[in-house]
Amino acid sequence: MKNALLVVIIQLLKIEKQQEGAMTKSTTNSALFPRCKGRQVTANFEGGDITTDGGVLLLRQLDRKLGLIRSVASNISDARNQQQCKHSTEQVIRQRVFGIALGYEDLNDHQQLRHDFALQTAVDRDSLLASQSTLCRFELQASRQWATAMHEEIVEQFIQSYQRPPKRLILDFDATDDLVHGTQDGRHFNGYYKNYCFLPLYVFCGQKLLVSYLRPASVDAAKHTGAILALLVKRMRQAWPRVNIIFRGDGGYCRPRVLAWCERNDVGYIVGIGKNSRLEASSLDTRHRAAIQFAKTQTKQRCFATLSYQARSWKTERKVVVKAEFSPLGDNTRYVVTNLKGSAKWLYDRRYCLRGEMENRIKEQQLGLFADRTSCHQWWPNQYRLLLSSLAYVLLEHLRSGYLRGTKYAKAQMTTLRLKLLKIGAVVIRNTRSIKLLMSSSYPDQELYLRIAKKLAPG
């Protein structure tokens, strides 16, 4: 009896000691805060597996529905021994694209991201994702073939996004600066931007991305325009033989060979043209009319006219639209060459000026999706990084245009979509039978989230 009692006492002492140890450990690993309504406030890191990216499952379903990354992965040449690879081509690309969409711009981020249960699920894994070094070794394989295959898939996604053949497509061409801070291949000083940079060429149709082609800053802004335009027109007319295609760009794309090609191939164009003494002389009456009206009203005045003009490098006369503007800031005359029909004012306001929206799309890619993270020493890996950003853009734009129409996020920036629909805190519970993401019951857009998820559900 005494022995039994002694055993019980010893066990109780052990339990008490363990509890004291647990309390000490909990206190040590906890942050204490002032009381709230008489209750002690503490914070610790014992909440289990929690992610900040609960919305990544929307990207997973969207990608599965489009077949975007699967198609890209199947069309690029991966030199790795697939039998010895823990991470497939598709998984590696998906990991990087989803990471960019979620706001993780660098390879370094994936050293921690690889442990995230939500991202693992989105990539279709239930174990660690690829490490920084694995991702780096993978991208160093990048080649011209990769760039071609990825661009082809982006164009195919654009074509598939139309349920009916479009009547008109306006292709916007523009270049921007991509600053570099090392000794990357292709690095050059650009006099216009007054810095060392790359000069990628972008092509958009409305909000949809078609091309993001990396170029050295030493080339002319219109370099490769003719070849890319010809390839796009060929593919689009294969899909839609009767579609009306218009080429649009600023003054940097007013090149005689491009304009002549458009005329030979029944492609419309509306392109800025730099002012010169001959154009200034031909538009003198229009500019004087705007100045006189301003003198009378002291408010900004715009007058429009159409000229027949032949530059010395042109073989024929072409129509030039004149926008003569006079305001308190002075004269602001612009010239546009076009083969389109319509009044001068309509052509300038409703056809040419809308190209300015393309600059917002470029900013979305560069600022929101890190298209300027071209810090690899080698050329083609940098092109690959630019295209990873492009794939992320394609996914988010499809989400915006296909599933957010009529909602408050229908015109939202990529960063807003990320903040409102992807960056959702969630507890992740994963066992042998299921994976659950438990998100906050006070999440403000839960109805929208569930509605999108239902639309993306298979079948």
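The table below lists the values:
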quantity: Matching residues, segment 178-193, being crowded, with 18+ Cβ neighbours inside 10 Å, without any contact (Cβ under 8 Å) to a residue 60 or more places away in the chain and in contact with a Pro (Cβ under 6 Å, 6 or more places away or on another chain); calculated: none
quantity: Given (1) touching a Leu at 6+ places or on another chain (Cβ under 8 Å); (2) part of a loop (DSSP other than H, G, I, E, B), number of the condition CYS136 does not satisfy; calculated: (2)
quantity: Hits in segment 275-290 - residues which are surrounded by 17 or more Cβ atoms within 10 Å (Cβ to Cβ) and either touching a His at 6+ places or on another chain (Cβ under 7 Å) or not in a helix (DSSP H, G or I) (or both); calculated: SER283
quantity: Members of segment 341-367 found to be farther than 24 Å from VAL97 by Cβ, surrounded by fewer than 17 Cβ atoms within 10 Å (Cβ to Cβ) and of a type in the set (A, V, I, L, M, F, W, C), listed by number; calculated: TRP346, CYS353, LEU354
quantity: Residues being of a type outside the set (Ser, Thr, Tyr), closer than 16 Å to PHE138 by Cβ and in contact (Cβ under 8 Å) with a residue 24 or more places away in the chain - total across segment 55-85; calculated: 7
quantity: Candidate set: segment 255-274, residues that are more than 17 Å from ASP174 (Cα to Cα) and part of a loop (DSSP other than H, G, I, E, B); chosen: the one nearest to the chain's Cα centre (by Cα); calculated: VAL267
quantity: Pairs, first more than 11 Å from ILE154 (Cβ to Cβ) and at pLDDT below 95 in segment 373-396, second of a type in the set (Phe, Trp, Tyr) and crowded, with 24+ Cβ neighbours inside 10 Å, C-beta under 8 Å, six or more apart; calculated: THR374/PHE198
quantity: Boolean, TRP314 is assigned to a helix (DSSP H, G or I) and under 39 Å from the mean Cα position of the chain (by Cα); calculated: no
quantity: Failed item in (1) part of a loop (DSSP other than H, G, I, E, B); (2) closer than 20 Å to GLN366 by Cβ; (3) among the charged types (D, E, K, R), with ARG242 passing the rest; calculated: (2)
quantity: All positions within segment 93-119 that are over 12 Å from ALA130 (Cα atoms) and free of Cβ contacts under 8 Å to residues at least 12 places away in the same chain; calculated: TYR104
quantity: Index of the failed condition, SER127 passing every other in (1) without any contact (Cβ under 8 Å) to a residue 12 or more places away in the chain; (2) touching a strand residue (DSSP E or B) at 6+ places or on another chain (Cβ under 7 Å); calculated: (2)
quantity: Test result for ARG144, within 23 Å of the chain's Cα centre (by Cα), crowded, with 21+ Cβ neighbours inside 10 Å and in contact (Cβ under 8 Å) with a residue 40 or more places away in the chain; calculated: no
quantity: Enumeration of residues in segment 215-247 that are crowded, with 18+ Cβ neighbours inside 10 Å, at pLDDT below 95 and in contact with a strand residue (DSSP E or B) (Cβ under 6 Å, 6 or more places away or on another chain); calculated: ALA217, ALA221
quantity: Residue within segment 405-419 that is without any contact (Cβ under 8 Å) to a residue 24 or more places away in the chain and buried (at least 20 other Cβ atoms within 10 Å of the Cβ) present; calculated: yes
quantity: Total residues in segment 78-111, condition within 13 Å of the chain's Cα centre (by Cα), part of a helix (DSSP H, G or I) and hydrophobic (A, V, I, L, M, F, W, C); calculated: 4
quantity: Given (1) out of contact with any strand residue (DSSP E or B) (no Cβ under 8 Å at 6 or more places or on another chain); (2) surrounded by fewer than 20 Cβ atoms within 10 Å (Cβ to Cβ); (3) closer than 23 Å to ILE429 by Cβ, index of the condition LEU102 fails; calculated: (2)
quantity: Strands (runs of 3 or more DSSP E) wholly inside segment 147-238 containing at least 3 residues that are among the hydrophobic types (A, V, I, L, M, F, W, C); calculated: 168-175, 201-205, 208-213
quantity: Matching residues in segment 16-57 - criterion: being surrounded by 10 or more Cβ atoms within 10 Å (Cβ to Cβ), part of a helix (DSSP H, G or I), at pLDDT below 90 and not basic (Lys, Arg); calculated: GLU16, GLN18, GLN19, GLU20, GLY21, ALA22, MET23, THR24, SER26, THR27
quantity: Residue, surrounded by the most Cβ atoms within 10 Å (Cβ to Cβ), within segment 291-304, restricted to residues that are within 41 Å of the chain's Cα centre (by Cα) and more than 30 Å from CYS205 (Cβ to Cβ); calculated: CYS303
quantity: Single match in LYS208, LYS223 (criterion: of a type in the set (D, E, K, R) and within 21 Å of LEU179 (Cα to Cα)); calculated: LYS223
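Results for (1) touching a helix residue (DSSP H, G or I) at 6+ places or on another chain (Cβ under 7 Å); (2) at pLDDT below 95; (3) of a type outside the set (Lys, Arg); (4) more than 21 Å from HIS398 (Cβ to Cβ), shown as yes or no for each residue.
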{"site": "ASN75", "(1), (2), (3), (4)": "yes, no, yes, no"}
{"site": "LYS86", "(1), (2), (3), (4)": "no, yes, no, yes"}
{"site": "GLU90", "(1), (2), (3), (4)": "yes, no, yes, no"}
{"site": "ARG96", "(1), (2), (3), (4)": "yes, no, no, no"}
{"site": "ALA101", "(1), (2), (3), (4)": "yes, no, yes, no"}
{"site": "GLN112", "(1), (2), (3), (4)": "no, yes, yes, yes"}
{"site": "GLU153", "(1), (2), (3), (4)": "yes, no, yes, no"}
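The values are calculated or read from the model by the stated rules, or taken from the named source; none is laboratory data. Not measured: the values here are computed from a predicted model. Positions of Cβ are backbone-derived with ideal geometry, glycine not excepted, and every protein chain shown enters the neighbour counts.
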